[in-house]
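> Sharing a structure below in structure tokens format, with a few things to ask.
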Amino acid sequence: MNVRAMVLWLLMMPLGAQAQGFAGLGNIANDGFATPLPNTILQFPRDHGAHPDYRIEWWYVTANLQGQDRAQYGLQWTLFRSALAPYEASGWQSPQLWMGHAAITTPSAQYVAERLARGGIGQAGVTPAPFVAWIDDWVMAGPDLNTLRLTAAGTDFSYDMALTAQGPLVLHGQAGYSVKSASGQASHYYSQPFYDITGTLRLPSGDVAVAGKAWLDREWSSQPLAPDQTGWDWFSLSFDSGAKLMGFVLRGGSDYTSATWIEPDGAATPLPNGAFKAQSLETHPLAGRELPIKWRVQLPSKGVDVTVSALNNNAWMATSMPYWEGPVTVQGSHNGVGYLEMTGYDN
């Protein structure tokens, strides 16, 4: 993704900045944390693991699923890391904070759970090889990122899923250096958008066997939003042709956009600011906000002109820092499915 996990900065901000909501993210200093740099060469499996010298980081899975009951579903599994200081330490001396989000979206319901943990005591963490990411009993693990098992549970739902990569990792921006504003805020960002996923959703109505496609985003940074940026709209779209599109809009005094076009074989083309366009077509009242739940998305250089519609308008993540995230359908010049995340729509 993109800058989604910057919500974690709010956990470290003074109350005055918190009161500004997402706009306050533009006022945080680096305070000795590492800064993403262009020409950095990402190294695997090392960079599948944690980077404690950076302020924020996340491991983010979304999935579009079809049930044995023929209904459509969405799934989210996210592990966020944020740091009070740019180092790691054992026990309660660790400055690393962890947060997990899990969700299942159905056409008529949204099931959400959240976990919080402190680093250094074994409650949460990530190891790169073999790959294991965990918070309490929520786990994403496998010999590497090509083959994973994914589990999570809330009070009224759980899931147990198997993921198998069918294509390569994709580096966004300049070989994984992803710019977020005209003033130069950036992150290191890559994805694995080619997972086949199967497993079981456990819902109040009973178990549902499901299968579909999943997308993993990995990102780390220490930089906030630009001072005038208040939130973002992020799209990951998988077309029936096998091509894929990641694109986001960072909203502010002057909106900033970025996108990556991904061919079916994984070849990636980064697109500059302004190439990706997203226009709200319809809003929906939710949690005291008006949220765009239908969009026109365009990428003229690739002939993309599509309507993106929410599977469930009420896919609200009622977590410590609430936001909208859920599965979408895609129709137009390209058909398919995907995921949409929206933040910064204050009530």
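The values are calculated or read from the model by the stated rules, or taken from the named source; none is laboratory data. These figures come from a predicted structure and were not determined experimentally. Because the Cβ atoms are built from the backbone with ideal geometry, glycine has one as well, and the counts that use them run over all protein chains shown.
> Can we say W295 is out of contact with any His (no Cβ under 6 Å at 6 or more places or on another chain), surrounded by 20 or more Cβ atoms within 10 Å (Cβ to Cβ), in contact (Cβ under 8 Å) with a residue 60 or more places away in the chain and aromatic (F, W, Y)?
yes
> Among the residues of the stretch 197-229 satisfying the criterion of being assigned to a strand (DSSP E or B) and hydroxyl-bearing (S, T, Y), which is farthest from P128 (Cα to Cα)?
Applying the filter and picking the extreme gives T200.
> Would you be able to say whether some residue in the stretch 118-139 is assigned to a strand (DSSP E or B) and within 30 Å of D69 (Cα to Cα)?
Quick first cut of the stretch 118-139, residues assigned to a strand (DSSP E or B) only: 118, 124-128, 131-135, 138-139.
If we keep only those that are within 30 Å of D69 (Cα to Cα) as well, we get 138-139.
Yes, there is a match, as at least one residue in the stretch 118-139 is assigned to a strand (DSSP E or B) and within 30 Å of D69 (Cα to Cα).
> Let me ask something else about it. Within the bounds of the stretch 160-176, is there any residue that is under 21 Å from R251 (Cα atoms) and not aliphatic (A, V, I, L, M)?
Yes, the stretch 160-176 has at least one match.
> Applying the selection to the stretch 177-189, what residues are at pLDDT 95 or above and either surrounded by fewer than 23 Cβ atoms within 10 Å (Cβ to Cβ) or farther than 19 Å from W59 by Cα (or both)?
Hit for the stretch 177-189 is Y177, nothing else.
> Of the numbered conditions (1) touching a residue at least 12 places away in the same chain (Cβ under 8 Å); (2) surrounded by fewer than 15 Cβ atoms within 10 Å (Cβ to Cβ); (3) over 15 Å from G100 (Cβ atoms); (4) more than 19 Å from the chain's Cα centre (by Cα), G199 satisfies every one except a single condition; which is it?
(2)
One line per residue, one yes/no per condition, for (1) modelled with pLDDT of 95 or more; (2) within 20 Å of G231 (Cβ to Cβ):
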{"position": "H284", "(1), (2)": "yes, yes"}
{"position": "G288", "(1), (2)": "no, yes"}
{"position": "P292", "(1), (2)": "yes, yes"}
{"position": "V304", "(1), (2)": "yes, no"}
{"position": "L311", "(1), (2)": "yes, no"}
{"position": "N314", "(1), (2)": "yes, yes"}
{"position": "W324", "(1), (2)": "yes, yes"}
{"position": "L340", "(1), (2)": "yes, yes"}
{"position": "D346", "(1), (2)": "no, yes"}
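> For the condition outside any strand (DSSP E or B) and modelled with pLDDT of 95 or more, what is the one hit in T164, T151, T155?
Numbers: T164 fails: outside any strand (DSSP E or B); T151 fails: outside any strand (DSSP E or B).
Result: T155 is the single residue among T164, T151, T155 that is outside any strand (DSSP E or B) and modelled with pLDDT of 95 or more.
> Out of the stretch 263-290, which residues are assigned to a loop (DSSP other than H, G, I, E, B) and either in contact (Cβ under 8 Å) with a residue 12 or more places away in the chain or touching a Leu at 6+ places or on another chain (Cβ under 6 Å) (or both)?
Those that are assigned to a loop (DSSP other than H, G, I, E, B) and either in contact (Cβ under 8 Å) with a residue 12 or more places away in the chain or touching a Leu at 6+ places or on another chain (Cβ under 6 Å) (or both): E263, P264, D265, G266, P272, N273, G274, A275, F276, A287, G288.
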